[in-house]
Structures are given as C-alpha cells and as structure tokens.
Amino acid sequence: MTITGGCQCGAVRFEAESLGRASICHCRMCQKAFGAFFGPLVTAHGLKWMRGEPKRFASSNKARRGFCGHCGTPLTYEYEWDGKPVVEIAIGALDDPEHAPPAVQVNPENRLSYFATLHQVPDRGADDAAKMQDFYDGIVSNLHPDHPTDEGEDWPKG
C-alpha cells in the first residue's frame, strides 16, 4: 500500500512505501516546530517527493526539520541513526492520519503539565457553536484535498 500526503497548500506532496513506528514527541523543539503541545511523527520508508520538496531548518546539530516554503506546514524531522538517514513525517501531513496511531511518547520530561487532562476540557457549547455558524458557513477552504492531484492542477491555490 502506498501512503500519500503533503502540505496544506499542495506545493509539496509525497509518497511512502510504508510507515514505521509513530510517536508523539514532547521536546521543546517539536512544540515550537509544530506550534502545538507535541510533535506527532512517523518514520517514512521509501519516501519520494512527488511535487516540490520541503525547505529545511537545522533545529539542532543533529536534526533538520522540513516544512513547506509556501504555507509553512511542518512536514519532516530528519536525522542519521547508525550512519543511515531517517526521515519522520508529520502524522497530520498524511492524507489519512489514521494510518499512524502513536505507539510511544518520547521526551516525557518536557510534557506540558496540563497535557494529561486535555480530554477533560469541555467542548464548545451548542449556544456558542450556533453563534459561530455564519462564520463557518462563509469559509471557502484553500486546503489541498487529502489525495494525490495531477501536476497540471492549480496548486498551491493560496
């Protein structure tokens, strides 16, 4: 099975032959790179860039992080292990993130104190949701669809 994915705008698309172990990383660099509580990553085996390629930032002396130069979507965490290159892909960049359920959490010493209780944060109430409906109804998304598109199609749109 081929696994596909890419950035928000469609300027960068990839395919992987298979996926390895998925993780969520709590280190401060992942928090910053993803702008989130953690970095969700999965090892990509047989990775090929099908459209464009990420720009890269050396976040440390041992790793680079790839991102779309057009829309900023975090895409990769790249490093060497036992002298071999390893590329981990952002789980959210997969066309179907359900292919990569996290199997392990890493760098727990940097886990945010409220992470374990996030499931207790209440959902937005029905009254608030109703107030926002006009806003939501007016959204026209520029998000690339979650499937491969032809090279001739107009991507990125934004």
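Please give the strands (runs of 3 or more DSSP E) falling wholly within segment 3-79 in which 1 or more residues are among the small types (Gly, Ala, Ser) and touching a His at 6+ places or on another chain (Cβ under 7 Å).
Passing ranges, in order: 3-6, 13-16, 18-25.
Show the residue pairs meeting these rules: Cβ distance below 9 Å; 6+ apart or different chains; first residue within segment 119-139 and touching a residue at least 40 places away in the same chain (Cβ under 8 Å) and over 25 Å from residue 37 (Cβ atoms); second residue assigned to a loop (DSSP other than H, G, I, E, B) and among the aliphatic types (A, V, I, L, M).
If the second residue must be assigned to a loop (DSSP other than H, G, I, E, B) and among the aliphatic types (A, V, I, L, M), no pairs are left.
Return the total of residues in segment 91-146 being in a helix (DSSP H, G or I), among the hydrophobic types (A, V, I, L, M, F, W, C) and loosely packed, with under 13 Cβ neighbours inside 10 Å.
Within segment 91-146, residues that are in a helix (DSSP H, G or I), among the hydrophobic types (A, V, I, L, M, F, W, C) and loosely packed, with under 13 Cβ neighbours inside 10 Å number 7.
So, in segment 93-135, of the ones that are among the charged types (D, E, K, R) and modelled with pLDDT of 95 or more, which residue ends up farthest from residue 11 (Cα to Cα)?
Among those that are among the charged types (D, E, K, R) and modelled with pLDDT of 95 or more, it is 109.
For residue 24, indicate whether it is surrounded by 15 or more Cβ atoms within 10 Å (Cβ to Cβ), out of contact with any Pro (no Cβ under 9 Å at 6 or more places or on another chain) and in contact (Cβ under 8 Å) with a residue 24 or more places away in the chain.
no
Look through 54, 85, 102, 108 and report the one residue that is of a type outside the set (S, T, N, Q) and touching a Leu at 6+ places or on another chain (Cβ under 8 Å).
54
Just to verify a result, which residue in segment 43-90, among those that are acidic (Asp, Glu) and surrounded by 17 or more Cβ atoms within 10 Å (Cβ to Cβ), is nearest to residue 143 (Cα to Cα)?
88
The values are calculated or read from the model by the stated rules, or taken from the named source; none is laboratory data. Computed from a predicted model, the values in this text were never measured in an experiment. So basically every Cβ, Gly included, is an ideal-geometry build from the backbone, and we count neighbours across all protein chains shown.
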